[in-house]
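Enquirer: This structure is in structure tokens; I'll ask about it shortly.
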Amino acid sequence: GSNPDEQEKESSSSQDHPHDDESIYQPAGQHLLLDLNHVDASFLNDMARLAHALVRVTELSQLTLLSYHCHELQPPMGVSCLGVLLESHISLHTWPDAHTLALD
């Protein structure tokens, strides 16, 4: 008879345990971080326009937006939006006084 421990070792392969191999995980896409300067302050305080821009950027990027939420800081001093994508996430934060929008 053969040793059962040896049979188990022979039947186990990297296909059975894909995380046991030594390959490095490679993401399927790109992660972009953008800081946009000299943006009109009224746009950066307009939650409806920013929400529309978030949805439109997602559509143009051919990504799948599952849900999103925007929050307007009070007194008006910027907007933050976060979208959950099937593929990842998207977020934007604005600083109207600095005329800056950060997009992730």
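The values are calculated or read from the model by the stated rules, or taken from the named source; none is laboratory data. A quick note: this is a predicted structure, and the numbers were derived from the prediction, not measured. Glycine also receives a Cβ, built like all others from the backbone with ideal geometry; neighbour counts cover every protein chain displayed. Please note that ligands, DNA and RNA were not included when accessible areas were found on the heavy atoms of the full protein model with its side chains. Shrake-Rupley method; radii C 1.70, N 1.55, O 1.52, S 1.80 Å.
Enquirer: Determine whether region 42-54 contains at least one residue that is within 17 Å of ASP104 (Cβ to Cβ) and surrounded by fewer than 16 Cβ atoms within 10 Å (Cβ to Cβ).
Expert: No, because not a single residue in region 42-54 is within 17 Å of ASP104 (Cβ to Cβ) and surrounded by fewer than 16 Cβ atoms within 10 Å (Cβ to Cβ).
Enquirer: While we're on this one: For region 68-104, which positions are open to solvent by less than 60 Å² (accessible area, probe 1.4 Å) and either among the aromatic types (Phe, Trp, Tyr) or within 14 Å of the chain's Cα centre (by Cα) (or both)?
Expert: Of everything in region 68-104, those that are open to solvent by less than 60 Å² (accessible area, probe 1.4 Å) and either among the aromatic types (Phe, Trp, Tyr) or within 14 Å of the chain's Cα centre (by Cα) (or both) turn out to be CYS81, GLY83, LEU85, ILE90, SER91, LEU92, ALA102, LEU103, ASP104.
Enquirer: Looking at region 54-104 only, could you name the residues that are among the acidic types (Asp, Glu) and in a strand (DSSP E or B)? Spell out the reasoning first.
Expert: Let us first name the residues in region 54-104 that are among the acidic types (Asp, Glu), namely 59, 72, 87, 97, 104.
GLU72 - this is the single residue of region 54-104 that is among the acidic types (Asp, Glu) and in a strand (DSSP E or B).
Enquirer: Residue by residue through region 68-104, note down the ones that are polar (S, T, N, Q) and free of Cβ contacts under 8 Å to residues at least 12 places away in the same chain. Before you say what the answer is, go through the steps one by one.
Expert: Here is the first cut: in region 68-104, the ones polar (S, T, N, Q) are 74, 80, 88, 91, 94, 100.
Residue satisfying the conditions is GLN74 alone.
Enquirer: For VAL79, are the conditions met, namely being aliphatic (A, V, I, L, M) and in contact with a strand residue (DSSP E or B) (Cβ under 6 Å, 6 or more places away or on another chain)?
Expert: Considered against the rule, which asks whether it is aliphatic (A, V, I, L, M) and in contact with a strand residue (DSSP E or B) (Cβ under 6 Å, 6 or more places away or on another chain), VAL79 comes out as yes.
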